[in-house]
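J.: Have a look at the structure that comes next, please.
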Amino acid sequence: MPVSNRLKNQHLLWRAAFGPMAENAAALDTIKPADLWQLLLETSASKPEKLEVADNLIAGLSNGVKDLVALDKAGKMDEETKKERQQKMRQQSKDDIRNLNILWLDEMINSEAQLREKLSLFWHGHFSCRVINSYFQQELLHIIRTHALGNFGDLLKAVSKSPAMIQFLNNQQNKKKKPNENFARELMELFTLGRGHYSETDIKEAARAFTGWGFNLDGKFENRAYFHDEEAKTIFGQTGNFNGDDVLNILLKEKQTAKHITSKLYSFLVNEKPDESKIDWLSSRFFKSNYDIKYLLTDIFMSDWFYEPKNIGNHIKSPIELLVGLRRLIPLKMENDNAQLLFQKLLGQILFYPPNVAGWPGGRNWIDSSTLMLRLRIPAFITSSEKLNIRAKSDDDVNMGQTDAAYRTGGVGIDWPAVYKLFASTPREDLVKAIADVLWQTGNRPEAKMLAAFVNEQSREDFIRTTILRLMATPEYQLC
Amino acid sequence: MLINRKTFIQTGTLASASVMLPGFLQALSRKPSVPPGNKVLVIVQFNGGNDGLNTIIPVTNDIYYRERPRLAIDKTKTLTLTDDAGLHPALVACKALYDEGNLAMLNTVGYPNPDRSHFRSMDIWQSGSQSNEYIYTGWLGRYLDAQCSGCDKPTQIIEMDDMLSLAMKGKNYSGIATTDPKRLYNSSNDPYYKQLIAGYQHGEETADYLYKTMGDAINSASYIHDKSQLQAAGKNYPATELGKNLKTIANLILSDINTKVYYLSLGSFDTHINQEAQQKRLFMQFNDAIKAFTDDMKAQHRFEDVLLMTFSEFGRRVGQNASNGTDHGTANNMFLISGALKQKGFLNPLPDLADLIDGDLKYTVDFKSVYATVLANWLGADDQKIIGKSYSKLKFI
């Protein structure tokens, strides 16, 4: 099948962004992919505004910690009150993280900085961090969104000094004579080199270099010199009295770091099946550019091979990609924010709650019979008042209080006219194909005759609406 | 191909679903259904970290009573097992099973470098990984991959839940999650889905995979629903969620379904505060449901084909906290209930409370040893291939 201009543009929009939106999908027949790529860069050029969750975090959290410590020291608080306070704070943090989740999801759906938010989602999985501290999570997200399209070295350094990561990977407990290797290990295995490109000695020595990196009671990074191991360390054959920054620089000097990051991005943006020669070409240029992320992305999205049929329509949308993409095409407001979290939970991807430090595995791991059958029903749930009769598992770490799905999961104020406009000039007999061309990135097309039994043919609008919902309730729509 | 839609909708059975599947989606060869005598494994997961020390109580251990001034259960209140051990007072049925020789207990089961996060530790238990390793398939999912190779419906494993846990996810196949076979059948038995499958042309690999999963799901839902119709289970199950789920399982066990593993969970056992009431309430539910289920299996002469195993992601701290609760700990005990036990009662010594790491128990049995035993000796599977490493086997089955 020849790749149409529309298909190329939609491919770019699904991979570099969250898919086409109703208001601009019509233009995709004519604009050149190269111009669309420039547009994506331009709309993501400005610095992001920080997403701040409603609560006053410094007062609510960090000062809370201070109070607790002070009170505890003065012996004024008995164990029970302390425990209650802690539980209350934890609950507050969970509520705040829930709000941060919704705020960020809104950005992904509505922000014009699509490229930035898409890459932020990638880094959110790469620098995977599961801590129940809304302030830490908020700050880490801001670091990621600020550097998402910038320099990987800057991003790595900022993440490594974020209290969120320090807490998650136990660097707060990493002190001279009693090193904790957790951060050093994940840094090499997951954040930079990848498994098999370092020795256990490198990890042990690097952990010593990171001794003393921690955070203070204000939730800010602090280099606690009195905990730092001043002896010489030997990492990748180099010996010196290294500190954390030195180790990060040493890791950035390894070409393998560029290769590892490029491979992961290739899998996320192009194809889960690696193409070694393309990855080598990309990663050597990425390395020479001194880790300029935008440069790497331009290499990918401006290449001819990115638009080859084998790279189109074979990526299983993550739950976030699915939910955000659906809502970009069909403008609506969710009646109940909890529904957005419930869908994330049921489909297996809750923002800020990655399964572990290795992030979401993606691909076929998203799919089992329960998640697939639910995915097929989601378009109907979101656009109707049907109640979702499915319960999420309880989770003692998260326990977001939404195991009970007694609330409506539907959207309100659905802007169908915006969607109808897309097909305003399409003759009725071509509608099924035209709708499939917008919704399906795969090569096959539905049989209009088969669909006829399942759609409402009364008015043109009814037909468009019900055809869209039916074509979204398919395995094809899970792919992009 | 013209299909008379009316007939098609009316005969929404397994047979018609299979007929509708294009050739490449169909099984190469259909495996025969499993005859009675089929050994099944029932796993009950205690969510939240059950307090093992207040489950099997070391009634002569001074350290236990010293570390738990308000939470320790007095010897006279426990159900006596041995001179040194008693059961939680609510576990009356377990005590009876013990007396009959149908209960075995393993103490201090765990793994090296234990993780105290619920999520991570559950991940480790369900995937069967080391604590510094990240695996995205479950141990039962990998068993399913081996078992279902070329089969047309992955119904060898059923989880009684709306969502499927990691334990049941394999590389090529995943188990089926349902709390209600009828509801599962109704939601998947949509003629639209069948028409989609019928019209689908073999295409790109990922799309094929999704269509195959969809076909499997529809087939499985239909098959499970079909088998659940027999309703041969007894009547005396409690109306709790666990009771209802065990009754559904009993109905399936008593049919000729090919299911080998059933998975359930109960919780939350995360008792940081006011542990006594919470644990007691859950144990009463467990006890009543287990009694109904084991009585039923005995009456139907199938108890020797059933092995029921409990576990929790971790145990709890030896010392109680100031809120009459306990905090996250490490190694824990497991119950093994069956009419076919080769070893009964305690399989290993009670935990040594004088030899702790940071206030927590040291593990003495790797949980993967238990998995290896169950896979090889009960399910007849290649444990080493599924777990990825050889673990010494226990002798209780």
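The values are calculated or read from the model by the stated rules, or taken from the named source; none is laboratory data. It should be emphasised that the depicted structure is a prediction, and the values quoted were computed from it without experimental measurement. Virtual Cβ from ideal backbone geometry, glycine too; neighbours counted across all protein chains shown.
J.: Only one of these is within 14 Å of another protein chain (Cβ to nearest Cβ), under 30 Å from A:R465 (Cβ atoms) and buried (at least 20 other Cβ atoms within 10 Å of the Cβ): A:P355, A:P319. Name it.
T.: On the way: A:P355 fails: under 30 Å from A:R465 (Cβ atoms).
From the options A:P355, A:P319, the qualifying one is A:P319.
J.: Looking at (1) farther than 30 Å from A:A380 by Cα; (2) within 14 Å of chain B (Cβ to nearest Cβ); (3) of a type in the set (S, T, Y), can you tell me which one A:S284 breaks?
T.: Evaluating A:S284 over (1) farther than 30 Å from A:A380 by Cα; (2) within 14 Å of chain B (Cβ to nearest Cβ); (3) of a type in the set (S, T, Y) leaves (2) as the failure.
J.: Moving on to the next point. Just to be sure, is A:Y307 in contact with a Lys or Arg (Cβ under 7 Å, 6 or more places away or on another chain) and more than 12 Å from chain B (Cβ to nearest Cβ)? Reasoning before the result, please.
T.: Working: in contact with a Lys or Arg (Cβ under 7 Å, 6 or more places away or on another chain): yes; more than 12 Å from chain B (Cβ to nearest Cβ): yes.
Spelling it out, A:Y307 is indeed in contact with a Lys or Arg (Cβ under 7 Å, 6 or more places away or on another chain) and more than 12 Å from chain B (Cβ to nearest Cβ).
J.: If a residue must be in contact with a Phe, Trp or Tyr (Cβ under 9 Å, 6 or more places away or on another chain) and either among the charged types (D, E, K, R) or touching a residue at least 60 places away in the same chain (Cβ under 8 Å) (or both), how many such residues does segment A:230-248 contain?
T.: 3
J.: Which one of the conditions (1) touching a helix residue (DSSP H, G or I) at 6+ places or on another chain (Cβ under 6 Å); (2) surrounded by fewer than 17 Cβ atoms within 10 Å (Cβ to Cβ); (3) farther than 30 Å from A:E308 by Cα does A:K233 fail to meet, given that it meets all the rest?
T.: Here A:K233 clears every test but (2).
J.: Would you point out which residue out of B:A250, B:A217 is without any contact (Cβ under 8 Å) to a residue 60 or more places away in the chain, under 26 Å from A:L469 (Cα atoms) and buried (at least 20 other Cβ atoms within 10 Å of the Cβ)?
T.: B:A217
J.: Please find, within segment A:358-383, the residue that is surrounded by the most Cβ atoms within 10 Å (Cβ to Cβ) out of those that are more than 21 Å from the chain's Cα centre (by Cα) and under 12 Å from A:L326 (Cβ atoms).
T.: Taking the candidates together, the pick is A:I382.
J.: Determine the pairs where a residue that is facing chain A (nearest Cβ under 7 Å) and crowded, with 16+ Cβ neighbours inside 10 Å, located within segment B:197-210, has a partner that is at pLDDT below 95 and not in a loop (DSSP other than H, G, I, E, B) with Cβ atoms under 8 Å apart, the partner being 6 or more residues away or on another chain.
T.: B:G199/A:M450; B:T206/A:R364; B:Y209/A:R364
J.: Right, something else. Please specify each residue of segment A:443-471 satisfying the condition of being more than 20 Å from A:R377 (Cα to Cα), in contact with a Phe, Trp or Tyr (Cβ under 9 Å, 6 or more places away or on another chain) and either within 11 Å of chain B (Cβ to nearest Cβ) or among the hydrophobic types (A, V, I, L, M, F, W, C) (or both).
T.: The one that is more than 20 Å from A:R377 (Cα to Cα), in contact with a Phe, Trp or Tyr (Cβ under 9 Å, 6 or more places away or on another chain) and either within 11 Å of chain B (Cβ to nearest Cβ) or among the hydrophobic types (A, V, I, L, M, F, W, C) (or both): A:N444.
J.: Select the helices (runs of 4 or more DSSP H) contained entirely in segment B:59-177, then report the ones holding at least 3 residues which are modelled with pLDDT of 95 or more and more than 14 Å from chain A (Cβ to nearest Cβ).
T.: Numbers: elements: B:62-67, B:92-100, B:118-127, B:139-147.
Once the helices (runs of 4 or more DSSP H) in segment B:59-177 are filtered for at least 3 residues that are modelled with pLDDT of 95 or more and more than 14 Å from chain A (Cβ to nearest Cβ), what remains is B:62-67, B:92-100.
J.: Also: Consider segment B:42-55. How many of its residues are closer than 13 Å to B:T310 by Cα and not in a loop (DSSP other than H, G, I, E, B)?
T.: Qualifying residue count, segment B:42-55: 6.
J.: Of all residues in segment A:230-243, count the ones that are assigned to a loop (DSSP other than H, G, I, E, B) and either modelled with pLDDT under 95 or out of contact with any His (no Cβ under 9 Å at 6 or more places or on another chain) (or both).
T.: Residues flagged as assigned to a loop (DSSP other than H, G, I, E, B) and either modelled with pLDDT under 95 or out of contact with any His (no Cβ under 9 Å at 6 or more places or on another chain) (or both) within segment A:230-243 amount to 7.
J.: Inspect segment B:281-300 for any residue being within 14 Å of another protein chain (Cβ to nearest Cβ), at pLDDT 95 or above and surrounded by 20 or more Cβ atoms within 10 Å (Cβ to Cβ) and give the result as yes or no.
T.: yes
J.: Test A:A380 against the stated conditions and say whether it is of a type in the set (G, A, S) and in a helix (DSSP H, G or I).
T.: Spelling it out, A:A380 is indeed of a type in the set (G, A, S) and in a helix (DSSP H, G or I).
J.: Within segment B:338-350, is there a residue that is within 24 Å of B:Y262 (Cβ to Cβ) and touching an Asp or Glu at 6+ places or on another chain (Cβ under 6 Å)?
T.: Yes, some residue in segment B:338-350 is within 24 Å of B:Y262 (Cβ to Cβ) and touching an Asp or Glu at 6+ places or on another chain (Cβ under 6 Å).
J.: Mind listing just one residue for me: the one in segment B:186-196 that is within 21 Å of B:Q229 (Cβ to Cβ) and surrounded by 21 or more Cβ atoms within 10 Å (Cβ to Cβ) and, of those, farthest from the other protein chains (Cβ to nearest Cβ)?
T.: B:K194
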